[in-house]
1. What is the residue count in segment 36-59 for residues that are closer than 19 Å to Trp115 by Cβ and touching a residue at least 24 places away in the same chain (Cβ under 8 Å)?
2. Restricting to segment 114-136, what's the tally of residues that are open to solvent by 60 Å² or more (accessible area, probe 1.4 Å) and out of contact with any helix residue (DSSP H, G or I) (no Cβ under 8 Å at 6 or more places or on another chain)?
3. Name the single residue that is modelled with the lowest pLDDT among those in segment 101-158 being hydrophobic (A, V, I, L, M, F, W, C) and closer than 14 Å to Ala78 by Cβ.
4. Criterion first (over 30 Å from Leu6 (Cα atoms) and assigned to a strand (DSSP E or B)) does Leu149 satisfy it?
5. State all residues of segment 96-113 that are under 18 Å from Ala32 (Cβ atoms) and open to solvent by 60 Å² or more (accessible area, probe 1.4 Å); if no residue qualifies, say none.
6. Return a yes/no flag: does segment 60-81 have any residue that is among the hydroxyl-bearing types (Ser, Thr, Tyr), surrounded by fewer than 23 Cβ atoms within 10 Å (Cβ to Cβ) and in contact (Cβ under 8 Å) with a residue 24 or more places away in the chain.
Amino acid sequence: MEETSLRDAMSLLATGDTVLTVGGEQAHGMTANAFRSVSPDPPLVLCCVSRSAVMHDAIGDTERFGVSIMGADQRDTAKHFADKRRPLGSEQFEAVDWLEGPHSGAPLLHGSPAWLECELVSVHDGGDHTIFVGQVLGCSRDAGTGALLFYGSAFHRV
């Protein structure tokens, strides 16, 4: 067995892909695979966001966020919201179809097999990241066409 970095080792754990979003004046979206369900009762989820990411302050300031779970056909959308060169603010949403979440005001991306809207309930230190825990205010699902996974530092369709 050879020594490796944590990042290289964790690249071998397949994860789902999401796009986290906030609406309003701080409108922003970010591709994230550090996202998990925490509890069904009360319905809680968590996401981990780098302290240097624009999304870090956006979630902290708005205290509500949306989650679009990426479907198998949304690789380009996931790449768009992972690209640090994309425009910031509401301009970044001009490249995709979306609707405003009724509970969060956050953009929810069309074509996603499921959406969640959350209210921030706690914040935890996670080293160079912050762990945001949100209570699910509402969620919905569509038929979808499979899942988009991240494995080996690349996107894969399931």
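The values are calculated or read from the model by the stated rules, or taken from the named source; none is laboratory data. This is a predicted model, so every value here is computed, not measured. Every residue, glycine among them, receives a Cβ derived from its backbone with ideal geometry; neighbour counts consider all protein chains shown. The protein model used for the area step is the full one, side chains on, heavy atoms only, and it has no ligands, DNA or RNA in it. Shrake-Rupley method; radii C 1.70, N 1.55, O 1.52, S 1.80 Å.
1. Adding up the residues that qualify gives 11.
2. The total comes to 7.
3. Here the answer is Val158.
4. Working: over 30 Å from Leu6 (Cα atoms): no; assigned to a strand (DSSP E or B): yes.
Spelling it out, it is not the case that Leu149 is over 30 Å from Leu6 (Cα atoms) and assigned to a strand (DSSP E or B).
5. Start the filter on segment 96-113 by keeping residues that are under 18 Å from Ala32 (Cβ atoms), which leaves 96, 98, 101, 104, 106-109, 111-113.
Scanning segment 96-113 gives a single hit, Trp98.
6. Among the residues of segment 60-81, at least one is among the hydroxyl-bearing types (Ser, Thr, Tyr), surrounded by fewer than 23 Cβ atoms within 10 Å (Cβ to Cβ) and in contact (Cβ under 8 Å) with a residue 24 or more places away in the chain, which makes the answer yes.
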